[in-house]
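First up is the structure itself, then whatever we jot down about it.
The values are calculated or read from the model by the stated rules, or taken from the named source; none is laboratory data. None of these values were measured; they are calculated from a predicted model. Don't worry about glycine lacking a Cβ; one is built from the backbone with ideal geometry, like all the others, and counts go over all protein chains shown. Each accessible area value is taken on the protein alone, full model and side chains, heavy atoms only, with ligands, DNA and RNA left out. Shrake-Rupley method; radii C 1.70, N 1.55, O 1.52, S 1.80 Å.
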Amino acid sequence: MDLPISLDTHSPHTEFPCTKIVNTLYELINTPFDKSTNALCWKRTLSGDFDEIAIQLSGYNEILSLKEADLYSLDLSKDGQAARDLLVQDLRLLRKLGLEPILDCIPFYPRDSNSGPVATDVYSFHVDTANINADTYLCSYNLAPSEGLLNSDAIRRIDIPETRSELLKQYGNEDNEGFTEYLKENHFDLHYLPVSLATPYSFGLGNLWRIATDCPNSPTLPCIHRAPTTQIGQPPRLLLIS
């Protein structure tokens, strides 16, 4: 059962056992994940008009990766300037940590055009993966935030017998090591389906998150999450990710 995309922009839910709220950037970076925690949130309330920036960058049908020069080229009100200063500050903050943050202006993400049983776009609940020990940092600034899902509230799509059978037909061979590699190469193994009565939690707006990935020697399960959809007529979404 796919859950409807939520447009809740409230603060992140704290009752979910896989999440933990921290109060400083230092805590966000240095708090270790454990078996029960795979998502850390530096809860923030940001001032400024982020929609003003997004509106000035609207009109494109593709994702724009913004540089500081792009932001400073905009003619903004006082509230827009305050939002711009915070965006630049976050970019520089993550760079100082040795990360490579990207600020994206997103009218929409491409949908998976594959007609098979597993869509692999970011609107599907999924986990991030890395070949080395690495976490994902992200922050939503306007519109709708990302959503997370408890690992116990999800099942990998490739572990659903009917789905696996369809993928096996698509593969055209036996369920063997080659099929396992096929699933990995096409990222089918990274996508999840919520179980009945599952409740996603909101990442909220303005909060900087650090979430666990599927990487070597991770002490915890990867964080299952998805991107929200944007509605026709809305400004694009501003997202910082690293």
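Before moving on, here are some points about what is shown:
- Summed side-chain charge close to residue 164 - residues other than residue 164 whose Cβ falls under 12 Å, Lys, Arg +1, Asp, Glu -1: -2
- Options 155, 141, 170, ranked by Cα towards positive dipole end of region 112-192, top entry (Cβ charges): 141
- Rolling a 1.4 Å probe over the protein chains gives residue 191 an accessible area of about 10 Å².
- Considering helices alone, the calculated mean residue ellipticity of the chain at 222 nm is -7000 deg cm²/dmol, with DSSP H runs of length four and up weighted by -39500 (n - 2.57) and normalised per residue.
- In a reduced charge model with +1 at each Lys and Arg Cβ and -1 at each Asp and Glu Cβ, region 100-230 shows a dipole moment near 360 debye about its Cα centre.
- With at most 10 neighbouring Cβ atoms within 10 Å, loop GluC sites (Glu not before Pro) (DSSP) excluded, longest segment of the chain: 63-173
- Euclidean distance between Cα centres, region 155-203 to region 64-89, Å: 40
- Answer label, with percent of Cα pairs over 29 Å apart calculated from the coordinates and candidates [x] 40; [y] 25; [z] 32: [z]
- Lysines with Cα under 17 Å of residue 67, excluding same-chain neighbours fewer than 8 positions away: 96
- Within the chain, the longest segment free of exposed loop sites, counting trypsin sites (Lys or Arg not before Pro) that fall outside DSSP classes H, G, I, E and B and have at most 13 other Cβ atoms within 10 Å, spans 112-242.
- Shape of region 41-143, Cα gyration tensor, a/c cut at 1.5: oblate
- Summing +1 for each Lys or Arg and -1 for each Asp or Glu among the other residues whose beta-carbon sits under 11 angstrom from that of residue 82 gives -2.
- Shape of region 102-242, Cα gyration tensor, a/c cut at 1.5: prolate
- Exposure ranking of 209, 42 by accessible area [1.4 Å probe, largest first]: 42, 209
- Three-way shape call for region 102-156 based on the alpha-carbon gyration tensor, with the a/c threshold at 1.5: rounded
- Positive minus negative residues near residue 129 (Lys, Arg vs Asp, Glu; Cβ under 14 Å): -3
- Listed by chain and number, the aspartates and glutamates placed with their C-alpha closer than 17 angstrom to that of residue 169 are 159, 177, 181, 185, 189; residues fewer than eight positions away on the same chain are left out.
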